[in-house]
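Presented below is the structure to which this report refers.
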Amino acid sequence: KNEVEQSPQNLTAQEGEFITINCSYSVGISALHWLQQHPGGGIVSLFMLSSGKKKHGRLIATINIQEKHSSLHITASHPRDSAVYICAVPYSGAGSYQLTFGKGTKLSVIP
Amino acid sequence: DAGVIQSPRHEVTEMGQEVTLRCKPISGHNSLFWYRQTMMRGLELLIYFNNNVPIDDSGMPEDRFSAKMPNASFSTLKIQPSEPRDSAVYFCASSLDFYGYTFGSGTRLTVV
């Protein structure tokens, strides 16, 4: 089973700050998901990426397949970005469809 | 497309009762997943179907849990008998192979 480590577990930032959340995994993969979950809410897929970098609005996700590491960045953070961000990878490496998840990073952005 | 539809959104039941959770995946998706989320353990895979066939049920906690997918547009997760430690949020997700992963809104189960 792929082991997923996220850091930090909790993050508090002032509005406008640049945020970085990190994810490391143990088994080589074909792609990785970043997910967002608001308090009491459902889970939304933000990105799926297999190489390089993807950008959507103020969110940027990068991945280094060789180093088994990915980062999620939020530029000009806003209180509405407050949520839990979860990294997810294939359960047993490339080719498996089910996901295994990091424990999540709880982000609080203060006005 | 309405996305992945789960019902009910909330369920409160007494210990020992049978609970059935339902999921309608996105049309055209060939994989369906049931996950459970708790504060202590985060998100865990319970079972995974591909083309309506159960592929991996190693995450199902014990015989009290069972899941079915009688056709491509419907799946159920049943707990019988339910116990307080089953209290969690249960998510269904569907995808086309590994792409287009979409989660439902979840069912919050409370067993008292």
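The values are calculated or read from the model by the stated rules, or taken from the named source; none is laboratory data. These numbers come from a predicted model, not from an experiment. All Cβ positions, even for glycine, are placed from backbone atoms using ideal geometry, and neighbour counts span all protein chains on display. For the accessible areas, the whole protein counts, side chains as well, though only heavy atoms, and no ligand, DNA or RNA atoms are used. Shrake-Rupley method; radii C 1.70, N 1.55, O 1.52, S 1.80 Å.
Things worth noting here:
- Scanning region B:1-10 for residues that are open to solvent by 100 Å² or more (accessible area, probe 1.4 Å) and in a loop (DSSP other than H, G, I, E, B), we see that the one that is modelled with the lowest pLDDT is B:D1.
- Count - residues of region A:84-111 that are aliphatic (A, V, I, L, M) and more than 14 Å from chain B (Cβ to nearest Cβ): 3
- Region B:52-77 - residue that is open to solvent by 40 Å² or more (accessible area, probe 1.4 Å) and β-branched (V, I, T) and, of those, farthest from the other protein chains (Cβ to nearest Cβ): B:V53
- When region B:11-51 is filtered for residues that are part of a loop (DSSP other than H, G, I, E, B), within 14 Å of chain A (Cβ to nearest Cβ) and either among the small types (G, A, S) or free of Cβ contacts under 8 Å to residues at least 40 places away in the same chain (or both), the ones remaining, listed by number, are B:M39, B:M40, B:R41, B:N51.
- Check on B:A93, open to solvent by less than 40 Å² (accessible area, probe 1.4 Å) and small (G, A, S): yes
- Which listed residue, of B:S66, B:S58, is small (G, A, S) and in contact (Cβ under 8 Å) with a residue 12 or more places away in the chain: B:S66
- Selection from region B:30-64 of residues that are out of contact with any Phe, Trp or Tyr (no Cβ under 9 Å at 6 or more places or on another chain) and not polar (S, T, N, Q): B:M39, B:M40, B:R41, B:V53, B:P61, B:E62, B:D63, B:R64
- Yes/no for A:A88 being open to solvent by 20 Å² or more (accessible area, probe 1.4 Å), touching a residue at least 40 places away in the same chain (Cβ under 8 Å) and among the aliphatic types (A, V, I, L, M): no
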